[in-house]
1. Using each residue's phi in segment 337-353, evaluate 6.51 cos²θ - 1.76 cosθ + 1.60 at θ = phi - 60° and report the 3J(HN,Hα) Karplus result to the nearest Hz, with x for Gly and Pro.
2. Can you put Lys66, Lys231, Lys100 in order, fewest other beta carbons within 10 Å first?
3. Filter the GluC sites (Glu not before Pro) in segment 86-189 to those in DSSP coil with at most 12 other Cβ atoms within 10 Å of their Cβ, and list the result.
4. Between Ala141 and Gln81, what is 0.36 nm times their sequence separation minus the Cα-Cα distance? Round to one decimal in nm.
5. Per-residue HN-Hα couplings for segment 319-328, Karplus 6.51 cos²θ - 1.76 cosθ + 1.60 at θ = phi - 60°, whole Hz, x for Gly and Pro?
6. Which lysines have a Cα less than 24 Å from the Cα of Lys231, not counting those fewer than 8 places away in the same chain?
7. Around Tyr152, which amide H atoms from residues at least 5 apart in sequence, or from another chain, sit under 5 Å from its own amide H, with H modelled in the peptide plane?
8. Could you check what % of the DSSP bridge pairs in segment 6-400 are antiparallel, to the nearest 5?
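Quick note: the coordinates plus some simple rules give every number you see, no bench work behind them. In this text the structure is predicted, and so the values were computed from the model without any measurement. Positions of Cβ are backbone-derived with ideal geometry, glycine not excepted, and every protein chain shown enters the neighbour counts.
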Amino acid sequence: MADGYEPVRDAFVRNFEELGEAGAAVAVHRDGRKVVDLWGGTTDPRDATAPPWERDTAVVVRSATKGLAAAVPHLLHQRGQLDLDAPVGTYWPEFKANGKERVLVRHLLAHRAGLPALDTSLTPEQLLDGAHTARALAAQAPEWTPGTAHGYHPHTYGWLLSALMRRATGGRGLGRWFADEIARPLGLDAWIGLPDAVAAAAAAPGSARIARVAEGAAPPPARGAVRTRPKRAVLDAWADPGSLTRRAFDVVLPHPDENDPAYRAAELPASSGVATARALSRFYAALIGPVGEELTGPPESEGRRLFTPATLTQARSQESEGPDRVLLVSTRFGLGYMLHGPAAPMYGPGSFGHPGRGGSLGMADPESGLALGYVTNTLHKSVTSDPRPQAILRALRAVVG
């Protein structure tokens, strides 16, 4: 850890002492160089004999996967291989059914497509079949006129991107594209579809490099935890199985087991990504500038920088703002990324990234040069704003200003 960042370490420790953390890691890059790299706790909060969290422990990051996945269409656009203003049906003809002829690629990224739920929920087995999810979405009528409103697509965001990217790239899946063009050049321990070889190494006796962290039960309220009571409309929506909120989050029933090897191996760009905190931080650092100890190499060709300035502006420019038809609070989205705001507070007004339900967060703030990754296996009942990464962000503001 770099000198001067001791308040971040102290905040991380307090997460364990006061906010019910059991196993977690945090990493921070500033101007492309790693300045914080901390980890602690257990790899399984339900098992007292589980090995400790190690330097390279990875975990399912849930919706923080969306930020990783969003880089793929942006880079394809940057290379002239994808038009964000084209109708989705240009690449995926079957999608044009039932009032979706005018859904644009940018509508998918900005949660404006009107497809957060399906008329009939899928089974976990159907979820793992990408062809099935594509057919279901192609046949589905939108909940609102596409482009006229926004509502968070917690699961279908990933299915939509997966089907679109497979067609736009001539058959190469989004997870494979991410691995070949982003993770490997940057040296990231991050996957959208955990490879068999990595899963096998993680499961080997005595292996601690990639801990297959089991999902723990939500901890009891802890000392000092920030407790906020949702608005009545939000509580009512979560209590109503027929509400769009519940239908969007219950689009697969019963809910899949996130510790199932088949789930982690599946290409689910909204939810099944596996990553270390260091990988999330380095990824976001590469979106906003060069990364690494040597900062003199060429940009994207060497994996030094992913987004050009124009692509960075495109990614974090506001596309959706105001009442969210699914979350029922005011949210802000760029193209594939949540933007700093009351529902998803990040470092500052220009910050962008994506939280994961339960506590994970990846984000970048171009104005300060900061990038952050926080991952956890202690899944609190948070959707967009968890007190543990928020504590880290407050400490960073105290350090950086």
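1. The phi angles translate into 10, 6, 10, 3, x, x, 6, 9, x, 10, 6, x, x, x, 6, 8, x Hz.
2. Values: Lys66 29, Lys231 11, Lys100 24.
Ordered by Cβ neighbours within 10 Å, fewest first: Lys231, Lys100, Lys66.
3. Answer by residue number: Glu101.
4. 18.8 nm
5. 10, 9, 7, x, x, 9, 5, 9, 7, 6
6. The reachable lysines, counting only those whose Cα sits under 24 Å from Lys231, are Lys381.
7. When sequence neighbours closer than 5 places are left aside, the close amide H contacts are Arg325, Val326, Leu327.
8. Of all bridge pairs located within segment 6-400, approximately 95 percent are antiparallel.
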